[in-house]
Structures are given as structure tokens and as C-alpha cells.
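Everything below concerns the one structure shown next.
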Amino acid sequence: MELIRTIRHMQDWSEAKRVRGQRIGFVPTMGFLHEGHLSLMRHARGQSDHLVVSIFVNPLQFGPKEDLAQYPRDLDRDLELMKPIPVDAVFHPEPEAMYPPGFQTRVEVTEVTKGLCGTFRPGHFTGVATVVLKLFNIVRPHLAVFGEKDYQQLVTIKRMAQDLNLDLVVEGQPTLREPDGLAMSSRNVYLSSEERRSALALSESLRLAQEMVTAGRRAAADILAAVREKIESRPHNKVQYAVLVDPLTLEDVTRVNDRAVLALAVFTGRTRLIDNALLTAP
Ligand code: AMP
């Protein structure tokens, strides 16, 4: 496994593989890896000759009052976790190299970024799209894999790849969960043990919503009221949003006629958690 710190080195590394006709798979991350990240890597590994993982806590996607400074970081631990995959190259640039003085370009995906997290994290998806396009230009992958855990991010990146004619495939992979249902997240380390118990209400409410749909209750207002009630009945929990949206456009739906994504953002104490599920009507 090669640790690559400069943009030029990464570009040269990838170019050497591409001229030989070899396929590069890529998983962008912010590090502090967990089994969810590793599942994306295994998936990309299986479809590529070489696997590149980036570890970069992207300042551009954090708001001024968000957790950029506190975001957990542990490169040595991450490198150990990636050994068995195996990962061929880890790209870990300095923020100053990614955003040198004078940097002023942004990539804006206009519509699918409006609702959900986009409403509460202004500029977040512009920061995400900008860094991901930069990473694509540096790593030049044939395949890039993202988690459905960040559903709006996945839709945004797919949209950008299509709109800008990027010559690569973007794939989503299912959310990995702890045995009790909590979606794995680097931010789960922020939770106290009591908050950790309250956080279970997110995945429980997703299951409840699917049960309601299966039982024939299709009105979004009813489902969302039940979801909010379940989450906020636990201490420390405050729903930031709970929405039912079309899986492709992310526009609100009023009924679950066929398929809809239930997306949640919840503050459990001071920790903001997101989760989602695709609800299907039988
Ligand atoms: P992050 O390091 O949080 O930016 O996440 C890097 C990638 O891992 C993104 O594509 C996430 O959607 C994905 N990811 C995060 N959590 C999970 C999870 N629990 N299961 C699967 N993928 C995940």
C-alpha cells in the first residue's frame, strides 16, 4: 500500500496504470474508517485492477459552526484497517495543496441539493461536488463508489458525473449498520452511551415506516408524524428533518405509491446523525 501525499504523485501513479489499460477503482473518504467504508472498498476492489482510497477532511464542505476542527482523525489506524482489503494507494493530501491561495472555483449541482441536508447545510454540497470533481481529476478512476448512507450526496455526485460528461461509473452501496441497527458513521464516536441508545430510534423509525407502508398506510404526513414521534420520544433527540422524497429527483412526495426514500437528520445531543431507507409499497 502506497501512501501518496502530493497531487502530482497521485496523477503520475494513476497515469502509469491507465497507459497499461488497467482499471482504477476509487473510494473517497474523510477517514476515521469503519466497516461501512471498508465495504465500499471491497466492492470497488472486486471490480478494478487497482484500488485508490482518499482520506481528506474537506474544509470546503463544513459550515462555519460545524465540526471541522473536532472531526475524528487517525491515519495510522486507518492504514491498518485498509491493509487486508488490500488498498493499493491511499491519497492523503494537505488542505493547502487542495485549496492553494487564489482558489476560487466551485461546482454547483442546483436542484437535487436544495432540500434535505442542503436546506440546513448551505454550501455543503457545493463543497462536496467541488472536492469530488477535483479528486476525480487527480485520481482519474474508472469506477467511484459511494455509500447510500449519504443518499443526497450519492444523487448529487451521479448528477454531476452525468451533467459534466465525466468518463467514469459512479456506484452506490448499501448502508452498513451496527448489530443493533445504528448506521455506522465516523461521528458515532461523539455519542455518550445514553445518547447511543437514543440514536437507535433513527433505524427503528425507518423500520416502523416500512411496516406502515406494508400495512397499506401510504400518506406521507401520517408516516412522517409517526417517525418524528418515535424519534423524539427518546431523550436527547431532536428531529432536524424527516422527509419522504422521490428516489431520483429528491422532491417531496405526498404518498408512497411505489418507492420513496425516507431521509432523516436528527440531533442526538450535539451530534447530528443522518440515516435513510428506501420504502417500497408491496
Ligand atoms: P465519509 O468518510 O463519512 O465522507 O464517508 C465516505 C464514504 O463512505 C461515503 O461514500 C459514505 O456514504 C460512505 N459511508 C459512510 N457511512 C457508511 C455506512 N454506514 N455504510 C456504507 N457506506 C458508508
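The values are calculated or read from the model by the stated rules, or taken from the named source; none is laboratory data. The structure displayed is predicted, hence computed values, not measured ones. Reconstructed Cβ throughout: ideal geometry from the backbone, glycine too, with neighbour counts over all protein chains shown. Remember, those area values only see protein heavy atoms, side chains included, never the ligands or the DNA or RNA. Shrake-Rupley method; radii C 1.70, N 1.55, O 1.52, S 1.80 Å.
Return the loop-located GluC sites (Glu not before Pro) in segment 227-282 (DSSP other than H, G, I, E, B) with at most 12 other Cβ atoms within 10 Å of their own Cβ; answer none if there are none.
Details: sites: Glu229, Glu232, Glu251; in loops: Glu251.
Sites meeting the loop and neighbour criteria: Glu251.
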- prompt: Helix 193-214 versus the longest principal axis of the chain: what is the Cα-based angle in degrees, 0 to 90, to the nearest 10?
  reply: 70 degrees
query: For the Cα atoms of the chain, what angle does the longest principal axis make with the long axis of helix 220-232, in degrees from 0 to 90, nearest 10?
result: 80 degrees
task: Return the sequence-ordered ³J(HN,Hα) values of segment 74-88 in whole Hz as given by the Karplus equation 6.51 cos²θ - 1.76 cosθ + 1.60 applied to θ = phi - 60°, using x for Gly and Pro.
output: 7, 5, 4, 4, 4, 5, 4, 5, 7, 3, x, 4, x, 9, 7
- line: The long-range amide H neighbours of Phe56, using H built 1.01 Å from N in the peptide plane and a cut-off of under 5 Å, are Thr29, Met30, Gly31
message: Which one, Ala199, Ala129, Ala226, has the greatest fluctuation when you compute a Gaussian network model over the chain with C-alpha springs under 10 angstrom?
response: Ala226
field: Note, ³J(HN,Hα) from phi for segment 114-127, Karplus 6.51, -1.76, 1.60, rounded to Hz, x at Gly and Pro
entry: 6, x, 6, 5, x, 5, 9, 10, x, x, 4, 6, 5, x
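Return the FRET efficiency for the residue pair Thr105, Glu35: r is the Cβ-Cβ distance, R0 is 25 Å, and the value is rounded to the nearest 0.05.
It comes out at approximately 0.10.
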query: Over the chain, one equal point on each Cα, no solvent: what is log10 I(q)/I(0) by the Debye formula at q = 0.09, 0.10, 0.13, 0.15 Å⁻¹?
result: -0.44, -0.54, -0.91, -1.19
field: the chain, accessible area per residue, ligands and nucleic acids excluded (1.4 Å, Å²)
entry: 47 Å²
- request: Provide Lys230, Lys65 ordered by accessible surface of protein heavy atoms (probe 1.4 Å), highest first.
  value: Lys65, Lys230
message: Probe radius 1.4 Å, ligands and nucleic acids ignored: give me the carbon and sulfur share of the accessible area of segment 144-250 as a rounded percent.
response: 50 percent
